[in-house]
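So the structure is just underneath, and the comments pick up after that.
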2 protein chains.
Amino acid sequence: MNQKIVRVAINGYGTIGKRVADAVAAQPDMKIIGVSKTRLGAEAYVAQDRGYPLYIADLTKKKAFEDAGIVVTGSIDDMLGACDIVVDATPGEVGASNKALYEKHGIKAIWQGGEEHDVAGFSFNSSCNYQDAIGKQFVRVVSCNTTGLCRLIHAVDGACGVSHVTAVMIRRGADPHVVKKGPIDAVVLNPATIPSHHGPDVNSVLPDISIATMAVIVPTTQMHMHAITIELKETTTREEILALIAAHPRLGLVKAVTGIVSTAELKEFVMDLGRPRSDLWENGIYEASVSVVGKTLYLFQAIHQEADVVVENIDAIRAMTGIVTDPDTSIQMTNESLGFVAIGSE
Amino acid sequence: MNQKIVRVAINGYGTIGKRVADAVAAQPDMKIIGVSKTRLGAEAYVAQDRGYPLYIADLTKKKAFEDAGIVVTGSIDDMLGACDIVVDATPGEVGASNKALYEKHGIKAIWQGGEEHDVAGFSFNSSCNYQDAIGKQFVRVVSCNTTGLCRLIHAVDGACGVSHVTAVMIRRGADPHVVKKGPIDAVVLNPATIPSHHGPDVNSVLPDISIATMAVIVPTTQMHMHAITIELKETTTREEILALIAAHPRLGLVKAVTGIVSTAELKEFVMDLGRPRSDLWENGIYEASVSVVGKTLYLFQAIHQEADVVVENIDAIRAMTGIVTDPDTSIQMTNESLGFVAIGSE
C-alpha cells in the first residue's frame, strides 16, 4: 500500500473524529475522503464547512439532512469502499461492532481507547511502539490518559529506568460541550477498586512497566490531571528530567514563570497560542512540580482528553500504511504540519 | 485544674467553632461559657438559639446586635476572663494574633490547623499523641486533612510498620456555604510544588514517618478525597487492614455493599444517619478500595473538612486540663456523648 497519498475515512465525526479529520487534512501524505455522522446536528455543518464529504449511517435520513442544507455523499458502506484506512471514532464500545464491516472491505482500521485491546490486538503509542505497528491491519490508539502516561513513562524509562509507577488520575467529569453528565458536586471514585483500568492499559503498550493507578472523577471539563510518582532504577536530577521533557516532541513543559498552576489557566494559554479548538496535543507537565527526591520522581501533568490522541492517530496511519517507517520522522511530520511545537521546549 | 466541669469558651463561632461548641455542650465534663462573633449574621442567631452566651469583639456594635434581637453578654475579654480554656476557631492565621490575650488571662488555648505549629509549639491528634498534651497550656489541633492522615498512618504503623507514605489530596474548593470561592471549572495544583504542606504537617504529629504529599483543589464542596499509598515494613493482608479499620474509633469503613463510591453519596448517607449537620467525624475509608499488593497498601478515604477535627478538639480539652489522662477513655467519652459509632464498625 506504499502509495503517495493515503485515503482516510473518519467513521464518527464527533469530539475525536472532527479533530483527527482536521489533522489528516493538514498532512502532506494523506487526505480525507469522507466523514460520517449518524444524526443531523451542528457537527454536520462543521464537516460541510470544512469541505469533507459527508456519509451517513442510514440513507433513509438523507432527505432530512438535505432539507437542512447538508449535502450527503452516500452511505458509510460507500465511504469505506473509497478509503485505504478508516479511523473509527464512534462512541466507546460501539467501534468493536464495526470490525466485520472493515474486514468485509479489506481496509485498515484504527480504533480509539474506549475499545478493548482485543478489538485490534495491538495498542499503539507513537513514542513507544510505532515500528511494531508497521503494516498492521488493525490498531487501537490508547486513551488520552494512557497516552499521556505512556509518553512520560517510556521517556523516563529510557533515561534512567523505571522500577515502579504510581499514578493518581483526577479526571474531568465531562467534555465542555456535554451538558447531561455529572458530577456537579462530588469526587467520584473511578472505580472504587484499585487499580483503575489505566495501569493494565499502560501495560498493553509497555508490558514490562510495573504500575499501579487510582482514578477519581471531579466536576470539571477542561482537562485531566495526573499526580505521578515514579521510582527510578538509576539516580537522576531534576534538571535532567526537565531537559528530557523539553527535548521530547510530545511532552510539554508548563514553565513556572508563566504562573499557570491549573488546568483552566493552561487551556487559556493554549487558546492564546492559537491552537485549533484550544487543543493541548502534548502532555502538560508543570515545571514547578517536577521533583526528584532520592530515586523518586514526582510531577503533575495535565492531559487534554479531547486532543492528545489526535496526533497519535496520524502517526498510526503512517505506521500501518508503511508510508513512513521511522517514528521520529512521522512524529516530526505530524507536529510540523500542525505548526505544533510542544510548549516549554524553546 | 482538676475540676469536674471545664469551662470552655469558643473564640470564633463559625464553621468549626459552632460544631465544637455543640460537641462541648454534649460532654458530661465540660460546658460552654460563651461563644464569640465579630459580625452580626445568621450564626449569631444560631448561638442564641442554642443558649450559648454571645460575646462580641467590638462592644460599640452591641446596639446593632441588640437591635437585631441578639442578646450580647459582653466583650471577648469578658468571655476569656470566665473560662478555663478557649478554643480558637477564628479564621486561619488570625488566631496567632490572639495568643497575647490568652497569655494575659492565663488560660489554656487550642488553635486549629490553619495556624502554624509554632503558635502552640505542640500539634495534637487524639489517636497519636494525647498523653503528650496532658497539662499543656497551648495546643494546635492539626487540620482536617492532616488529622485524617495521622489517624490512618498511626494505626497502620502500629500494626505493620510504615516505610513510606505517598498521599494525593483531592481537596474540595470551598465549604458548601462559601459562595465567593472557586474554582468553578478547573483542577488547581495546591501548590504546584511538591510536597504540599500536609506531609510536613503530619510530621508535626508523627515525626518519624516518611511521607510525600501532593494536593490539588477541585470544584466540589462536600469533602476532601485522599488517594493513599503506604509502603509497609511487614507483610499484611487486606482482611487485617479491614479489621484494623473496623476496630478503630475514628476510622470509618464505607462498606462496598452500600454502593457508595463518591463523597456526595457518603454525605447523603451520613445525613440519613441523623448526624448533626451531616458531619462525618471519622475518616471515610472506602472498603472496595482497600488493596494490599506485596507490601504496599492502597486506599481511598474521604475527609469531611468541617467535621473530623471537632472530636479532636474535645479530646484536646480533656488532655490539656488533665481531667482524663487515658486517651482511649477520652475518645470513648467523646464518641459516646455524640452517639457516634464509626460507620462500618458494627
### Message
Please arrange B:CYS144, A:CYS160, B:CYS150 by how many other C-beta atoms lie within 10 Å of their C-beta, fewest to most.
### Response
A:CYS160, B:CYS144, B:CYS150
#### Entry: Amide proton proximity set for A:VAL162, modelled H, under 5 Å, gap of 5+
A:LYS233
### Query
From the label point of B:HIS164, set 7 Å along Cα to the beta carbon, how far off in nm is each other copy's matching point, shortest first?
0.8
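Just the number, please: percent antiparallel of the DSSP beta bridges in chain A, rounded to the nearest 5.
Values: 23 of 57 bridges.
Taking every DSSP beta bridge with both residues in chain A, the antiparallel ones total about 40 percent.
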### Task
Count, for each residue of B:194-207, the Cβ atoms from other chains sitting within 10 Å of its Cβ, then give me the mean as a whole number.
1
## Note on the structure
Of all DSSP beta bridges having both residues in region A:144-303, the percent classed as antiparallel (nearest 5) is 65 percent
### Listed residues A:GLY294, B:THR15, B:ILE134: farthest to the positive end of the dipole of the protein assembly as shown (Cβ charges)
B:THR15
### Message
Just to check I understand the Karplus step: with θ = phi - 60° and J = 6.51 cos²θ - 1.76 cosθ + 1.60, what whole-Hz values come out for region B:236-245, glycine and proline as x?
### Response
8, 10, 4, 5, 5, 5, 4, 5, 4, 5
### Rounded to whole Hz, the Karplus (6.51, -1.76, 1.60) HN-Hα couplings of region A:291-299, x for glycine and proline
9, 10, 10, x, 9, 10, 9, 10, 6
### Task
Would you mind checking which residues have amide H under 5 Å from B:SER143's amide H? H placed 1.01 Å from N; only 5 or more apart, or other chain.
B:GLY113
### Reachable lysines from B:LYS31, criterion Cα separation under 28 angstrom, eight or more residues apart if same chain
B:LYS4, B:LYS18, B:LYS61, B:LYS62, B:LYS63, B:LYS99, B:LYS104, B:LYS108, B:LYS136
### Task
Treating the angle as unsigned and between 0 and 90°, give the value, to the nearest 10°, between the Cα long axis of helix A:263-272 and the longest Cα principal axis of chain A.
60 degrees
### Inter-copy separations for B:GLY69, label at 7 Å along Cα-Cβ, nm, ascending
6.0
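Size of the dipole of the protein assembly as shown about the Cα centre, Lys and Arg at +1 and Asp and Glu at -1 on the beta carbon, nothing else charged, in debye to 20?
So the dipole magnitude of the protein assembly as shown works out to roughly 1060 debye.
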### Task
Place the label 7 angstrom along Cα→C-beta at A:ALA256 and in each other copy, then list the distances from the first to the rest in nm, shortest first.
4.3
### Part-to-part distance (alpha-carbon centres) for region B:74-126 and region A:5-21, which is given in Å
64 Å
### Query
What are the lysines whose alpha-carbon lies under 16 Å from the alpha-carbon of B:LYS255, with same-chain residues fewer than 8 places away excluded?
B:LYS267
#### Entry: Using θ = phi - 60° and Karplus 6.51 cos²θ - 1.76 cosθ + 1.60, couplings along region A:75-90 (whole Hz; Gly, Pro as x)
8, 4, 4, 4, 4, 5, x, 9, 10, 8, 8, 10, 9, 7, 10, 6
### Message
Inside 10 Å of the C-beta atoms of B:262-268, what's the mean count of C-beta atoms belonging to other chains?
### Response
5
### Query
Given R₀ = 30 Å, FRET efficiency for A:ALA159-A:ILE134 by Cβ-Cβ distance, to 0.05?
0.75
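Work the Kirkwood hydrodynamic radius out for region A:102-173: mean of 1/r over every pair of different alpha-carbon atoms, inverted, in Å. Walk me through the numbers before you get to the answer.
Numbers: mean 1/r = 0.0727 Å⁻¹.
So the Kirkwood estimate lands at 13.7 Å.
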### Query
Out of B:ALA212, B:PRO249, B:TRP281, whose Cα points farthest toward the positive end of the dipole of region B:144-303 (charges: +1 Lys, Arg; -1 Asp, Glu; placed on Cβ)?
B:TRP281
### Query
What value, in deg cm²/dmol to 500, does the helix sum -39500 (n - 2.57) over DSSP H runs of n ≥ 4 give at 222 nm once divided by the residues of chain B?
-9500 deg cm²/dmol
### Summary
Across B:164-172, the residue-averaged tally of Cβ atoms belonging to other chains within 10 Å stands at 4
#### Entry: Span from the region A:29-66 Cα centroid across to the region B:181-215 one, whole angstrom
49 Å
### Query
In angstroms, what radius of gyration and Dmax does the protein assembly as shown have, counting Cα atoms only?
29.1, 93
### Task
State the antiparallel share, in %, of DSSP beta bridges confined to the protein assembly as shown, rounding to the nearest 5.
40 percent
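Viscosity 1.306 mPa s, temperature 10 °C: what is the translational diffusion coefficient of chain A from Stokes-Einstein with a Kirkwood Rh over Cα pairs, rounded to a whole number of µm²/s?
Numbers: Rh = 20.6 Å.
Answer, rounded: 77 µm²/s.
Sorted by mean Cβ packing within 10 Å, highest first, what order do the peptides B:279-289, A:167-177 take? Spell out each step's value before the answer.
Values: B:279-289: 25.1, A:167-177: 20.9.
Descending mean neighbour count gives B:279-289, A:167-177.
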### Query
Can you give the direction-averaged projected area of the convex hull of the alpha-carbon atoms in region A:144-303, in nm²?
9.6 nm²
### Task
Taking the Cα atoms of region B:86-219, report the difference between the largest and smallest coordinate on each principal axis, in whole Å and largest first.
47, 44, 24
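No value in this document is a laboratory result; all are computed from the given coordinates. The structure displayed is predicted, hence computed values, not measured ones. Glycine gets a Cβ as well: all are built from the backbone with ideal geometry, and neighbour counts include every protein chain shown.
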